[in-house]
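Colleague: Attaching a single structure in structure tokens format; questions to follow.
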Amino acid sequence: METATYLTSMNYDVTLIEKEKELGGHLLNWEKLFPTMSYGKDVVSFLDKGIEMAKVKVEVNAEITDAKKHGDIFTVTLSDGRKFESDAIVVCTGYDLFDARKKEEYGYGIYDNVITSAELEAIFLKGDEIKTTHGKTPKKIGFVHCVGSRDEKVGNAYCSKVCCVTAVKQSIEIKEKVPDADVYCFYMDLRMFGMHFEALYKQAQEKWAVNFIRGRLSEACENMDGSILVKVEDTLAGKPLKMNVDLLVLMVGLIPSAGTKKIGNMLGLNFGVNGFLKNQEQHCLTTVSNIPGVFFAGTCVSPRTINNVFVDARAAALMTASYLNNYEIEKRIVF
Amino acid sequence: MNYDPFVLPFTIGSIVLFAILLYYYLTWISRISYKERGKIWKGIFSKKLFISIKEVFQESLFHRKIFRVNPVLGYMHTSLAFGWFLLIIAGTVESKMNSTKAFNMPYEPIFFKFFQIDRTVSAFPNTFNFIMDFLLLIILTGVMLAVIKRFYSKLFGMKRTTKLKPGDKFALYSLWLIFPLRFFAESFTSGVYNNGGFLTGTAGTFFAGFLPVESLSYIAWWAYSSALGIFFISLPFSRYMHIPTEVVLIFIRNFGIKTKKNNDGFAEIEVHACPRCGICIDKCQLSMSAITNTIQPSYFLQSVRHNNTDENKTFNCLLCGRCMEYCPVGIDINAQRMIQREKMLLGKKVSFDYLEIIPETKKADVIYFAGCMTHLTPKIKLAMVSIFRKAKVDYMFMDEDGSICCGRPLMMNGNDQAAQELIRKNIQIIKASKAKLLVTSCPICFKIFTEEYKLDIEVMHHTQYILKLAEEKKINLKNNNKTVVFHDPCELGRGSGVYEQPRKILEMISTLQLVKDEKNASLCCGGSLGNTELDYYKRDEITKDALAELENGNPDVLVTACPLCKKTFNKFSRSEVMDIAELVDISMEK
Amino acid sequence: MKDFGYTINKDRQIDFDKGDMRVAKFLKESEPTYNICFACGTCAATCSAGQFTDFSLRKTLTFIRRGELGETKNEISKCMLCGKCYLACPRGVNTRKIILKIKEAVEKYNL
């Protein structure tokens, strides 16, 4: 959205093609954002305002069935048959969340009280009360880090970056809503890489008494009353640990979205070793693809935080504009 | 008496060969246990003798199994083996009919054409000439194919063939030379005396036109005899030891002797019966997917024979059994690997005294053992519990809180004593439950329960059990409108011979798609616990290749019957992977 | 140095320089995936023997890395080689081969 806003403001003819019924992607599903605890919907409003003020042409409910390059012109075909021609394409197809059913031993989809972080966020967004499926208020809640990330056994060796700080954020939010509950985060590492993340972590421990246990879950089982039995090796204490939690939240990782794979294959884009799209150079050309005229913005290239997506989006706008104007500086980029 | 010095290489070679073979076979048979040797004695005087003779004809001469792999390959082996066999028989008959004496020298049939040069006094000269020349022609085509195969094995359907060591190559070349030299010897002699048939006679006349055939023929006979002599002497030390040893193996095997866990005489016979034909190389998935070409049975058994096997050759094997399916000699390769693993493994002492405490065992009719792996795929055990409940079975979940391993992983890696400890423990629990039937959902456990546990109650894999419940109408199955494909787990299919029961169940509830390599030819998922050497990149390749074949028809569900297969396939599969118990559970009338 | 009244109990301390690194070296040479273990503990959490004893593969490997081999022989003999740790490991460490190699090293170095 941001790239389209800026490009339109720079007087380019931009069409924003969105396959869902409204713009915003995953951001529409997040209630509060780390580390500021500001509302996701405020960011969405900011983006919407941009689209409105710049008067960007938007096509919603538009599924792309084909995308090709002939010479210097790109042709994009929609499912209803309409074709769009352009001189450049910016791919912002984003990510999907890891399907936690693949991690069968954690019980998602089998035991009732195992949910994903996205589902928890949806509960926050709707303003529902936090309750187990048996209707009682949970006394003990567990968060499992690295579900579908850093895991050879499901084919995703990389770190999804944002889930650790999301776990910290959500554990604070749960404590705000259910102050009497005990929250336990089961982690392998705590990746608090961004500014103010470490402070958030400290706040979780200090103000909200969130417990952090270093150990990776091997299995979860269900007890007769629906609570979840968790078996973990407490690596810091050096002993195995078992505990019963009323609710288990799985921090699912980010995977390349189905749309990313589809568009990438249609246009002949390079994919990186982890399945995301591959940019020309990871330091200086993060928004540039292997095909002249095709640019990337956002999480189709790798997991990103929202502030970085904004930076990326504006960079993509700039690179696209530079390409379209064929500035001298374009000669710096060698394919 | 017909004699000429040139017969010496052949004669000496034969005597030496006979002596060596006698020595080896007597030694090996003496190293078979006393009880088992009794079986040999009984077998000789039984119907099994004729069964063995029939098998010798079918496999050692006619090479039926090789024909199934590739017809041209089969013809090549048959033309040489059967052709040579018939040549010997026909030659002996020919020589007997033309002899005035009761006792002939053994070399007479071989060198018949040298000694009997006047065809006017021969018995049925035209008939015999035709037969002998025809057989020689067949063999020569076989030799030609064999030479071509060394360079273009792809023409024979073999991507890879055995890379031979110098000793084998030496024996190979002498073998190749035998029949061409016979051809030249007989042709040159025919050129002088005109005693040849349609092949040797014509060739002889042709050669006589421009070559000094008289002197050349004598040289050729020397060469022919020497080639035979050299081949015979190198036979026991090369891959061609398989020629006599395979015959011995077939007889002894049919009399009821099997490969056991120790390296006894029978195991030695098996090792020496490997012809290094190389068929196992292409069929091995480590070659197909993981580009590992040094560990296949051709090479492994060779290294065992020469006492220089290494860790990689011994342990880098999935124990999937595909090689055994295609081996023309029928060697029990998995058992041989486990014998070597037993020999090579260090640090076997274990202390399982922490298992001495047996928890209170509930009594029930049926005892269900989920297996270690099933705890990592909990949907399977939940489905089984649901099926037990719906069928109102009085069951007891043996390892609900965690399993004592069945012992097969230890056994597969060469630690039999440790496995026996675990077996002892588990048998105590099973006996204490007073159950009449043991059901398990893991094929690895199933195999060891049936083979090693010596239980006097019935043991079933859950596919067999579910079929039984369905046939006894204890559960009602209905169609779930899905297209499915079934993967035969190595330990259930080739390992235990259970192929039909899962298919019968699936045909009742879904549309079953066929797969290219199925039943006893099915591909291993790659997750096998039998291999400790393979790194996970190579395992992934094996998994992906197996999936490519299984998902070829775009099924809705890939049905497995093994928790390890399910977990392995889940990593890369496009379609949903379900255990058969899960599929049955959702296809039941409530 | 002023004596503040406490000492570090020498028996508890891992004296890294004096550690017996033979097994670690042997493992690093014979099984390269030993190096990529990051001690997350999933192996120990899922271990079959771990239900009955306090055997922890993570602990055993960590101690080997630190050169503390006192308990290695007793602990490693408890393993049933069932393979759950291999299936669970997120980094793809070849745990079963490492266990077999540790047993071999224990014999080899007469621990």
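The values are calculated or read from the model by the stated rules, or taken from the named source; none is laboratory data. Because the structure is predicted, anything quoted here is derived from the model rather than measured. No Cβ is skipped: glycine too gets one built from the backbone with ideal geometry, and neighbour counts run over all protein chains shown.
Colleague: Hey, can you tell me all the residues within the range A:65-100 that are touching a residue at least 60 places away in the same chain (Cβ under 8 Å), in contact with a strand residue (DSSP E or B) (Cβ under 9 Å, 6 or more places away or on another chain) and farther than 30 Å from A:Val147 by Cβ?
Modeller: Hits for the range A:65-100 are A:Asp66, A:Ala67, A:Lys68, A:Lys69, A:Phe74, A:Leu78, A:Phe84, A:Ser86, A:Asp87, A:Ala88, A:Ile89, A:Val90.
Colleague: I'd like to verify a number: residues in the range B:363-372 that are surrounded by fewer than 23 Cβ atoms within 10 Å (Cβ to Cβ) and aliphatic (A, V, I, L, M), how many?
Modeller: Counting residues in the range B:363-372 that are surrounded by fewer than 23 Cβ atoms within 10 Å (Cβ to Cβ) and aliphatic (A, V, I, L, M) gives 2.
Colleague: Okay, moving on. Take the range A:217-271 and flag every residue that is among the small types (Gly, Ala, Ser), over 18 Å from the mean Cα position of the chain (by Cα) and surrounded by 18 or more Cβ atoms within 10 Å (Cβ to Cβ).
Modeller: A:Ser218, A:Ala220, A:Ser227, A:Gly264
Colleague: Applying the selection to the range C:44-65, what residues are at pLDDT 90 or above and farther than 15 Å from B:Cys405 by Cβ?
Modeller: Those that are at pLDDT 90 or above and farther than 15 Å from B:Cys405 by Cβ: C:Ala44, C:Ala45, C:Ser56, C:Arg58, C:Lys59, C:Thr60, C:Leu61, C:Thr62, C:Phe63, C:Ile64, C:Arg65.
Colleague: Please indicate, with yes or no, whether at least one residue in the range C:58-69 is within 11 Å of chain A (Cβ to nearest Cβ), more than 13 Å from the chain's Cα centre (by Cα) and of a type in the set (D, E, K, R).
Modeller: The answer is no; no qualifying residue exists.
Colleague: Still on this structure, please answer the following. Residues in the range A:122-144: is at least one within 14 Å of chain C (Cβ to nearest Cβ) and either aliphatic (A, V, I, L, M) or surrounded by fewer than 22 Cβ atoms within 10 Å (Cβ to Cβ) (or both)? Before the answer, list the steps.
Modeller: Narrowing the range A:122-144 to residues within 14 Å of chain C (Cβ to nearest Cβ): A:142, A:144.
From what is left, the residues that are either aliphatic (A, V, I, L, M) or surrounded by fewer than 22 Cβ atoms within 10 Å (Cβ to Cβ) (or both) are A:144.
Taking every residue of the range A:122-144 in turn, at least one turns out to be within 14 Å of chain C (Cβ to nearest Cβ) and either aliphatic (A, V, I, L, M) or surrounded by fewer than 22 Cβ atoms within 10 Å (Cβ to Cβ) (or both).
Colleague: Separate question: Give the range A:287-335 a look and list any residue that's among the polar types (S, T, N, Q) and in a helix (DSSP H, G or I), or say none.
Modeller: Once the filter is applied, which keeps residues that are among the polar types (S, T, N, Q) and in a helix (DSSP H, G or I), the range A:287-335 yields A:Asn307, A:Asn308, A:Thr320, A:Ser322, A:Asn325.
Colleague: Then there is this: Can you name the strands (runs of 3 or more DSSP E) wholly within the range A:1-109 that have at least 2 residues being farther than 25 Å from A:Met319 by Cα and in contact with a helix residue (DSSP H, G or I) (Cβ under 8 Å, 6 or more places away or on another chain)?
Modeller: Here the list reads A:95-97.
Colleague: Among the residues of the range B:149-171, count how many are without any contact (Cβ under 8 Å) to a residue 60 or more places away in the chain and aliphatic (A, V, I, L, M).
Modeller: 0
Colleague: Another question about this same structure. Take the conditions within 30 Å of C:Asn110 (Cβ to Cβ), within 14 Å of another protein chain (Cβ to nearest Cβ) and either crowded, with 23+ Cβ neighbours inside 10 Å or touching a His at 6+ places or on another chain (Cβ under 6 Å) (or both) and apply them to B:Leu422. Does it pass?
Modeller: It is true that B:Leu422 is within 30 Å of C:Asn110 (Cβ to Cβ), within 14 Å of another protein chain (Cβ to nearest Cβ) and either crowded, with 23+ Cβ neighbours inside 10 Å or touching a His at 6+ places or on another chain (Cβ under 6 Å) (or both).
Colleague: Further question: Give just the number: which of (1) surrounded by fewer than 23 Cβ atoms within 10 Å (Cβ to Cβ); (2) of a type in the set (A, V, I, L, M); (3) closer than 25 Å to A:Tyr187 by Cα does C:Ile64 not satisfy?
Modeller: Condition (1) is where C:Ile64 drops out.
Colleague: Which of the helices (runs of 4 or more DSSP H) found entirely inside the range B:179-286 contain at least 1 residues meeting this: buried (at least 21 other Cβ atoms within 10 Å of the Cβ) and among the hydroxyl-bearing types (Ser, Thr, Tyr)?
Modeller: Because the criterion is at least 1 residues that are buried (at least 21 other Cβ atoms within 10 Å of the Cβ) and among the hydroxyl-bearing types (Ser, Thr, Tyr), the helices (runs of 4 or more DSSP H) in the range B:179-286 that meet it are B:200-208, B:213-234, B:242-254.
Colleague: Report yes if B:Ile505 is touching a residue at least 40 places away in the same chain (Cβ under 8 Å), at negative phi, within 14 Å of another protein chain (Cβ to nearest Cβ) and touching a helix residue (DSSP H, G or I) at 6+ places or on another chain (Cβ under 6 Å), otherwise no.
Modeller: no
Colleague: Take the residues in the range A:272-286 that are surrounded by 12 or more Cβ atoms within 10 Å (Cβ to Cβ) and not in a loop (DSSP other than H, G, I, E, B); name whichever of them is modelled with the lowest pLDDT.
Modeller: A:Leu285
Colleague: Report every pair of residues separated by at least 6 positions or lying on different chains whose Cβ atoms are under 7 Å apart, first residue within the range B:256-282 and on the phi > 0 side of the Ramachandran plot, second surrounded by 19 or more Cβ atoms within 10 Å (Cβ to Cβ) and in a helix (DSSP H, G or I).
Modeller: Pairs found: B:Gly256/B:Gly43; B:Arg276/B:Arg239; B:Arg276/B:Ser298; B:Arg276/B:Gln302; B:Gly278/B:Ser298.
Colleague: So B:His375 ticks every box in (1) surrounded by 15 or more Cβ atoms within 10 Å (Cβ to Cβ); (2) closer than 30 Å to B:Lys473 by Cα; (3) more than 8 Å from chain C (Cβ to nearest Cβ) but one. Which box is left unticked?
Modeller: Status for B:His375: all satisfied but (3).
Colleague: Also: Looking at the range B:20-33 only, could you name the residues that are touching a helix residue (DSSP H, G or I) at 6+ places or on another chain (Cβ under 7 Å) and not in a helix (DSSP H, G or I)?
Modeller: Correct list: B:Arg31, B:Ile32.
Colleague: Follow-up. Please state which of the following conditions B:Ala581 fails to meet, knowing it meets all the rest: (1) closer than 16 Å to A:Gly155 by Cβ; (2) in contact with a His (Cβ under 6 Å, 6 or more places away or on another chain).
Modeller: Going through (1) closer than 16 Å to A:Gly155 by Cβ; (2) in contact with a His (Cβ under 6 Å, 6 or more places away or on another chain) one by one, B:Ala581 breaks only (1).
Matching residues to (1) β-branched (Val, Ile, Thr); (2) touching a strand residue (DSSP E or B) at 6+ places or on another chain (Cβ under 9 Å); (3) surrounded by fewer than 17 Cβ atoms within 10 Å (Cβ to Cβ); (4) without any contact (Cβ under 8 Å) to a residue 60 or more places away in the chain:
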site	(1), (2), (3), (4)
A:Lys161	no, yes, no, no
A:Ala167	no, yes, no, no
A:Val178	yes, yes, no, yes
A:Val183	yes, yes, no, yes
A:Met188	no, yes, no, yes
A:Ala199	no, no, yes, no
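Colleague: Cβ-Cβ below 9 Å, separation at least six or inter-chain, first residue in the range A:288-313 and surrounded by 18 or more Cβ atoms within 10 Å (Cβ to Cβ), second among the basic types (Lys, Arg) and outside any loop (DSSP other than H, G, I, E, B): which pairs?
Modeller: A:Gly293/A:Lys69; A:Val294/A:Lys69; A:Ala297/A:Arg314
Colleague: Let me ask something else about it. Just to be sure, is B:Val559 hydrophobic (A, V, I, L, M, F, W, C) and under 30 Å from B:Phe388 (Cα atoms)?
Modeller: Yes, satisfied.
Colleague: Does B:Gly530 satisfy the condition of being touching a helix residue (DSSP H, G or I) at 6+ places or on another chain (Cβ under 8 Å) and on the phi > 0 side of the Ramachandran plot?
Modeller: no
Colleague: State yes or no: is B:Ser303 away from chain C (no Cβ under 14 Å), outside any loop (DSSP other than H, G, I, E, B), touching a Ser or Thr at 6+ places or on another chain (Cβ under 6 Å) and surrounded by fewer than 20 Cβ atoms within 10 Å (Cβ to Cβ)?
Modeller: Yes, satisfied.
Colleague: Taking the residues in the range A:94-113 that are surrounded by fewer than 23 Cβ atoms within 10 Å (Cβ to Cβ) and among the hydrophobic types (A, V, I, L, M, F, W, C) as candidates, determine which candidate is farthest from the chain's Cα centre (by Cα).
Modeller: A:Ile110
Colleague: Taking the residues in the range B:534-549 that are of a type in the set (Asp, Glu) and surrounded by fewer than 19 Cβ atoms within 10 Å (Cβ to Cβ) as candidates, determine which candidate is farthest from the other protein chains (Cβ to nearest Cβ).
Modeller: B:Glu549
Colleague: Which one is farthest from B:Ile339 (Cα to Cα) among residues in the range B:378-415 that are surrounded by fewer than 21 Cβ atoms within 10 Å (Cβ to Cβ) and within 13 Å of another protein chain (Cβ to nearest Cβ)?
Modeller: So, considering only residues that are surrounded by fewer than 21 Cβ atoms within 10 Å (Cβ to Cβ) and within 13 Å of another protein chain (Cβ to nearest Cβ), the one farthest from B:Ile339 (Cα to Cα) is B:Ser386.
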